[in-house]
1. Would you confirm, using the coordinates I've provided, whether residue 242 is at pLDDT below 85, loosely packed, with under 10 Cβ neighbours inside 10 Å and assigned to a loop (DSSP other than H, G, I, E, B)?
2. Out of the stretch 124-150, which residues are part of a loop (DSSP other than H, G, I, E, B) and surrounded by fewer than 19 Cβ atoms within 10 Å (Cβ to Cβ)?
3. Could you list, in sequence order, all residues of the stretch 30-76 that are more than 21 Å from residue 98 (Cα to Cα) and part of a strand (DSSP E or B)?
4. Do we have residue 383 as at positive phi, at pLDDT 90 or above and in contact with a strand residue (DSSP E or B) (Cβ under 6 Å, 6 or more places away or on another chain) here?
5. If you take the residues of the stretch 294-343 that are farther than 22 Å from residue 250 by Cα and in contact with a helix residue (DSSP H, G or I) (Cβ under 9 Å, 6 or more places away or on another chain), which of them is modelled with the lowest pLDDT?
6. Looking at this structure, is residue 220 modelled with pLDDT under 85, touching a helix residue (DSSP H, G or I) at 6+ places or on another chain (Cβ under 9 Å) and not in a strand (DSSP E or B)?
7. Would you check which residues across the stretch 79-114 are closer than 19 Å to residue 136 by Cα, over 17 Å from the mean Cα position of the chain (by Cα) and assigned to a strand (DSSP E or B) and list them?
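The values are calculated or read from the model by the stated rules, or taken from the named source; none is laboratory data. Keep in mind the model is a prediction, meaning the values are calculated, not measured. Positions of Cβ are generated from backbone atoms using ideal geometry, with glycine treated the same way; all protein chains shown enter the neighbour counts.
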């Protein structure tokens, strides 16, 4: 009996001893550093280093969107963070996003779901997708070589982007010490006035060797100086197949229109392109195309020319059916059904055809949406109306006047080309126009 009683007592004693050892170990662990703020991982993958140097060993690897706790800041750009697993290490503050940045990124993805694609593009090499149109913005997505994506809009942004709000709030300002009270004697006897500095000699311009007639000389102080041009970059807003949106450098992408059409660009950059329907040439099917191009760098407008290509069954090659140059066009270009305007009884008046709409800025600064009917293989002007007003598009800490976000026009869409009008349908429309119906 005594032996049986001793066994439970021994077990209880061992448990208490183990608990004491555990408590002692916990008491020796240093307390966690207080949290200064929170941040979210910007890149698709971020390595947390054990120290500031770049060659320091990696203590943890985190993914885009994971929440981190900021526990220390050094030199203004290096942050010591704590991962959800409890690991602590250092990273660059420019690779992290704030709560507002994450919310803006989600809003951008929601806004771009309603935007009409302006063509499909690809890249020759791996391409980083940034959260904002800035080179130092975090890259949260990497596109592979040859991967295709929708181009939605473009924006010209100055390289000196606006500074982002700090992730760690600044410390409170220290109150200034009260000024020392002066005695009455000091108040009654003012200090002696300072002597005026000597002025320049009357012939200071001659002594300095300044010659206003020489070119390249800077004007003297006090005269107006012209501002230096600001360096800019052209960025494109894209949307991937899985619905993720972001910004890429426009010079790193190319529009995926077939080479047999792209060869007619004459060195101009293709801004957007759209399929207008197919035509049969023997046992082959050829697509008709509409594109917009710009000769120089983008600026106050998106494109300066648009052109319609049709496949010639007689010559077995692409030919220009319609072209307009020296215009100031603004995105987006829309596809849809277009009704021909004209006097009653005119050929094709009142009939509906597949077509497209282009927003053009006139000489007086007003913008008009010009509609065109595609009467395969010809193009006819169908009228004009007001362009949709641009909307405010927020991306990170910046706001842009992005193109309007219209619903897809009837018969338009990126899922497939518009159907070509048959010969019988065109004949039927002509007969209706002759009889005024």
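1. So residue 242 does not fit the description; no.
2. Across the stretch 124-150, the qualifying residues are 124, 125, 126, 135, 136, 144, 145, 146, 147, 148.
3. Going residue by residue through the stretch 30-76, those that are more than 21 Å from residue 98 (Cα to Cα) are 30-32, 50-59.
Listed by number, the residues that qualify are 58, 59.
4. yes
5. That would be 342.
6. Here the answer is yes, as residue 220 does meet what is asked.
7. Within the stretch 79-114, 79, 90, 91, 92, 96 qualify.
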